[in-house]
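The values are calculated or read from the model by the stated rules, or taken from the named source; none is laboratory data. Nothing here was measured: the structure is a model prediction, and the numbers come from that model. Virtual Cβ from ideal backbone geometry, glycine too; neighbours counted across all protein chains shown. The accessibility values were calculated without ligands, DNA or RNA, using every heavy atom of the protein model including side chains. Shrake-Rupley method; radii C 1.70, N 1.55, O 1.52, S 1.80 Å.
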Amino acid sequence: MSSMTFSQKKFTPTAPDKGSFPLDHEGLCKKSMLKYMNCLHENTDSNSECRSFARDYLECRMKNNLMAREEWSKLGFEDQEKETQKIN
């Protein structure tokens, strides 16, 4: 007996746009991830209140080769990228 019916289409998985990324098995960015998660919990999941923690977490992942280095503007941090350029 087949699990597919005539009206169903076969599911074909596709890779994410940016590819896969390694998990943080060694816990290199666990502190920054926990700070971000705690911030979300304390602010009823309002990401706008936790942007600095999100950026710290992404920075940690990039420094430890757990994700590809990206421009901050591509990650939704256009305003903070401008501030970084002013300092340098």
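Worth pointing out:
- Matching residues in the stretch 1-33 - criterion: being open to solvent by less than 80 Å² (accessible area, probe 1.4 Å) and at pLDDT 70 or above: 22, 24, 27, 29, 32, 33
- Residue count for the stretch 37-54, restricted to those that are in contact with a helix residue (DSSP H, G or I) (Cβ under 6 Å, 6 or more places away or on another chain) and either closer than 25 Å to residue 25 by Cα or at pLDDT below 95 (or both): 5
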